[in-house]
Amino acid sequence: MATPSLQTFITDSSQVLNLGSISAVRSVVAVALANANTGTPLNPNLTTQQLWNEFYQVVTEPKSNIESFIANQMMKFLFSPPAPGGAGANTQVIFNDMGVLAGDAGLVYNKTTDALTVTGLVTAGSATISGDLTVDTNVLKVNTTTNRVGINTTTPDQNLDITGSGNPLSADGTCSIKLKNTVSGRPGLIGLDNTENFLFWNVGNSVAETIKFLTGGGSGSEQYRITHGGVFNWYDGSGNGRMTLNSTGLGIGDSPASGEKLTVLGSIYLKTANKLKLDNASNNFGASIHNIGASAQAALAFTLGATQAMTLDASGNLLVGVTSASNQERLNLTSAVSLYVARVFNTASSGGNYGIAIRYSNAAPNNGSNEFLACSDSAASRAFIYSNGGIANYQANDSNLSDARTKTDIKPLISYWNKIKALELVTFKYKDQTHSDDNIGLIAQQVESVAPEFVSNDGFGETPADGVPLKTIYSTDLYHAAIKALQEAMTRIEVLESKLA
């Protein structure tokens, strides 16, 4: 059955309602049409039965309310699109579109799933969402069950989970956080690159760009920074530098010194089993190393590989080749090689050249029992230099270098008959000797008056207060001169013997 025309509907309404005239009904309808888009046809989707059912519901109202009810109900079923019962009425939200009830496919409510779908822009003063929030499948996911937020993931496994396949170093940046200062326009990125390197990136191009770490309230106190040039600085929170690492080296308490890999202002404290390695191949700098342990085991050990090559024990004993002193010695040099255990070189090319000095600084034993030097092997003692200057050894073993290959200008010795005869042998005691025995010998000044070639004025030990060095005698030369005099005496004896024969 065809839908009745508007004229038929109005005529039938006048008859049934028994209004004053058709013009009265028409005027009511005209008002509705004027407000609702004049000329809009009846809804073609309504059947005659549906239309009359709506109409009879209206006419059951009291006559005094009929006109207003007709005007109201006209808006429900006369105009399109869509009206109640028409196409889209189960899903599209109906709204007043400039006086006409209308719907939009971009604004759909699914009663079955209790879901509202909006394909356009939604503007709200505020919003409260009690359930999960999903934006474009996985652009943003708020999971109210786990109280987690996901970006580019629907299953966040942390409070905030940002997932992506992009590289923050590229234009993509899908797995990073971008921070931007709108005043300077300089951005910074925090994220993972495509090889899972964790990045803090100040994207600015100025050499002054840094990454700073601050703590505390207000404007914060700077604790650490990384500069654009790759310099790392640590601070004490008051602007004072604690440590700096740059292309030169590491400075602790001060800036790295030029050419040095480590500069430390203050002491270095090594605790427990920590080790310190000092290696300077080009400059002669010293180091003070202090092991603060109080026990006898608190030693400094220097190792080569697994071998403890040198030890400074808690008593201050320096041990090389061994790890403990054998007889309270301050220095122990032990070696198993078939070469010298120790060698002393003085490489000065001019001035006073000296070797080893052995002194008793707080005592003067001056005897034949305290030793300056003791020489022994595994079988017996071989030689000593005592504190009184005496030399004790196996006398028959004494030897002096006398090879002709070491000598030049070799000439026969002149007669020493008169000079040897003029020497005055005396007995004497040294002023500091500790025994009462007389000594037999010569006085250097007397020998010098007879044969000055036997006396040295280069000095011996400390020079006395008068400023004149102590004199010494070349005993070996004097010994050989005495042999010359003996040879002369033997010749004279032999001449006399031949005359008496």
From most to least accessible, 1.4 Å probe, no ligand or DNA/RNA atoms counted, Trp201, Trp417 line up as Trp201, Trp417
Could you name the aspartates and glutamates whose alpha carbon sits less than 12 Å from that of Lys261, not counting residues in the same chain fewer than 8 places away?
Asp279
Glu424-Ala380 FRET efficiency (beta carbon distance; Förster radius 51 Å; 0.05 resolution):
0.80
On the full set of protein chains, 1.4 Å probe, figure out the accessible area of Asp236 and give it in Å² to the nearest 10.
50
Over 30 Å between C-alpha atoms is what I'm after, so list which of Lys421/Lys471; Lys411/Lys431; Lys407/Lys471 land there.
Lys411/Lys431
Scaled to the compact-protein estimate 2.2 N^0.38 Å, what is the alpha-carbon radius of gyration of the stretch 175-230, rounded to two decimal places?
1.24
Among all the aspartates and glutamates, which ones have a C-alpha under 18 Å from Lys419's C-alpha, if same-chain residues fewer than 8 places away are not counted?
Glu448, Glu453, Asp477, Glu488
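Tell me whether the stretch 352-394 comes out rounded, prolate or oblate; compute the Cα gyration tensor, take square roots of the eigenvalues as a ≥ b ≥ c, and use a/c under 1.5 as the rounded threshold.
It is oblate, given that a/c is not under 1.5 and a/b is not larger than b/c.
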Length gained if Tyr224 through Glu329 is fully extended, taking 0.36 nm per residue and subtracting the Cα-Cα distance, is 32.7 nm
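Extension gain Leu486-Gln395, at 0.36 nm per residue separation less the Cα-Cα distance, in nm?
Values: separation 91, 0.36 × 91 = 32.76 nm, distance 2.23 nm.
That works out to 30.5 nm of additional length.
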Give the carbon-plus-sulfur fraction of the accessible surface of the stretch 345-431 in %, rounded to a whole number; probe 1.4 Å, heavy atoms of protein chains only.
52
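The values are calculated or read from the model by the stated rules, or taken from the named source; none is laboratory data. What you see is a predicted model, and the numbers here were worked out from it, not measured in a lab. Cβ coordinates were reconstructed from backbone atoms using ideal geometry, including for glycine residues, and neighbour counts include every protein chain displayed. Note: areas computed on protein heavy atoms with side chains; ligands, DNA, RNA excluded. Shrake-Rupley method; radii C 1.70, N 1.55, O 1.52, S 1.80 Å.
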